1. Between a residue in region 64-84 that is closer than 20 Å to Ala148 by Cβ and any residue that is surrounded by fewer than 24 Cβ atoms within 10 Å (Cβ to Cβ) and of a type in the set (Phe, Trp, Tyr), which pairs come within a Cβ distance under 7 Å, given they are 6 or more apart or on different chains?
2. Please return the ranges of helices (runs of 4 or more DSSP H) entirely within region 1-89 where 1 or more residues are over 28 Å from Leu101 (Cα atoms).
3. Suppose we filter region 99-144 for residues that are among the hydrophobic types (A, V, I, L, M, F, W, C), over 13 Å from Gly81 (Cβ atoms) and surrounded by fewer than 19 Cβ atoms within 10 Å (Cβ to Cβ); how many remain?
4. Within region 12-31, can one find any residue that is touching a strand residue (DSSP E or B) at 6+ places or on another chain (Cβ under 8 Å) and within 24 Å of Arg108 (Cβ to Cβ)?
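Every number here is computed from the coordinates shown, using simple stated rules; none is lab data. Fair warning: this is a prediction, and the values are worked out from it, not measured in the lab. Every residue, glycine among them, receives a Cβ derived from its backbone with ideal geometry; neighbour counts consider all protein chains shown.
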Amino acid sequence: MPGRWTHLAARFVDVVTSRPLTATERQRVETWLGPDSAAAKAYFSQSPADQRHGLSSADYVTRHAPNRPDLVRAALLHDIGKRHAGLGVIERVLASLALRLRIPVQGRWALYRDHGRIAAAELTPESELVRRFALHHHGQRPAEIPPADWDILIASDQARLGRDR
């Protein structure tokens, strides 16, 4: 459990210090997702911090699983459901604390809690791997995702601002 709290603290620092993607970074994302695709529209409608997290995750994948566009898409898109909650930094901290302490949540905090399910539903046109990772990235590996792919994707979700852990 301490590792999970450390990860949340590190993500808080990333959110507070993140900056919008540069034009070059946006172009890289558009290359992976397609500039006018529904996936790109969903990705770019996220907060700058969530966009940066998705890009950091995708960069991790490109370093550790070259030539795997399916894993890159999964890394980029796994958190797109969070945008529906519309929570700011402090609200995310409070919602995360409530969830870790198993305090029942509702409203926008419940949307935040359910972001994986929301993303998976929204990603219907994507591959099974992309949808399953969005749905299960905070839980156990589903049988549809091979263990080696799962390990890379989970590590990519833990990557911080392009730095390997």
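1. Pairs found: Pro69/Trp32; Val72/Trp32; Arg73/Trp32; Leu76/Trp32.
2. Result: 23-33, 38-44, 48-64, 69-77.
3. Qualifying residue count for the region: 5.
4. Yes: region 12-31 contains one or more residues that are touching a strand residue (DSSP E or B) at 6+ places or on another chain (Cβ under 8 Å) and within 24 Å of Arg108 (Cβ to Cβ).
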